[in-house]
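First comes the structure, then the notes that go with it.
The values are calculated or read from the model by the stated rules, or taken from the named source; none is laboratory data. Keep in mind the model is a prediction, meaning the values are calculated, not measured. Neighbour counts are summed over all protein chains in view; Cβ atoms, including those assigned to glycine, are modelled from backbone coordinates with ideal geometry.
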Amino acid sequence: MSDTHIQAGAGIVDDATFDVLNAIYLHKMSTAQHIAEVVEQSVDDVLATLHREEADTSVCDVGPGWLLETAGTAKVLAFYREKYAGLRADGDIIHWYEKFESTLNQQFIKAVSEWQTSEGDGKAQEKMVRLVDRMIRHLGQVTDRIPRYRFYAERFQRAMAKADRGESQFVCKPTVDSMHNIWFEFHEDILAVVGRPRDV
């Protein structure tokens, strides 16, 4: 089995196709522009993938964005299952995930709550930024095993830079690529990688 092609029950998906479908899976509904930004592909390449997958009834163009159909979700889950089967039995990866879950994620959830209840207090925002900075370093420990995780680090850096410039919507706003949105998507992603249910 190669690194870039996987035979699964839902069909054959390559890494670039997975990245596009997974961006929708994690974001629930995505524009081609957003997908291109988060997976570092051109808009034209993303649209070509979307139109091909639409013909295969894997995605649906609903005007404001693209949604996954049942077949598209099956392709995403099959990729996670096949691609990361070895990592699910890797003690180092599981330890890395559990450290994220028990420390960074718990601290971030608390920081988000503090930021929201303080109505965007600067001190609360600074705490969130420090945690995101720690998260970027944490991601750096596994990008040799999961190279696409560098996308999250780069997205976090962009959101932090915008928040530092006073664009506070990039802290928690759900309609932009905010630190909170990126964190939420990463959490969904790593759960799928290690094969854990959402409520763990």
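A few comments on the model shown:
- Some residue of the range 71-79 being closer than 19 Å to R148 by Cβ and touching a Gly at 6+ places or on another chain (Cβ under 8 Å): yes
A quick yes/no check of all residues on (1) touching a Lys or Arg at 6+ places or on another chain (Cβ under 8 Å); (2) of a type in the set (S, T, N, Q); (3) closer than 26 Å to W96 by Cα:
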residue: G122; (1), (2), (3): no, no, no
residue: R130; (1), (2), (3): no, no, yes
residue: E154; (1), (2), (3): no, no, yes
residue: D177; (1), (2), (3): yes, no, yes
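- In the set D90, D45, only one residue is farther than 14 Å from G195 by Cβ and either free of Cβ contacts under 8 Å to residues at least 60 places away in the same chain or of a type in the set (K, R) (or both); that residue is D45.
- When restricted to residues that are in a helix (DSSP H, G or I), under 17 Å from G120 (Cα atoms) and aliphatic (A, V, I, L, M), the range 171-200 contains 2.
- Set S102, S58: member being more than 17 Å from the chain's Cα centre (by Cα) and not assigned by TED's automatic domain parsing to the domain that holds F156: S58
- Strands (runs of 3 or more DSSP E) (entirely within the range 1-107) containing at least 2 residues that are modelled with pLDDT of 95 or more: 59-61, 66-68
- Residue match in the range 115-126 (condition: among the aliphatic types (A, V, I, L, M), more than 24 Å from H34 (Cβ to Cβ), in a helix (DSSP H, G or I) and not assigned by TED's automatic domain parsing to the domain that holds I35): yes
- For Y149, the conditions (1) modelled with pLDDT of 95 or more; (2) surrounded by 15 or more Cβ atoms within 10 Å (Cβ to Cβ); (3) part of a loop (DSSP other than H, G, I, E, B) are fulfilled apart from (3).
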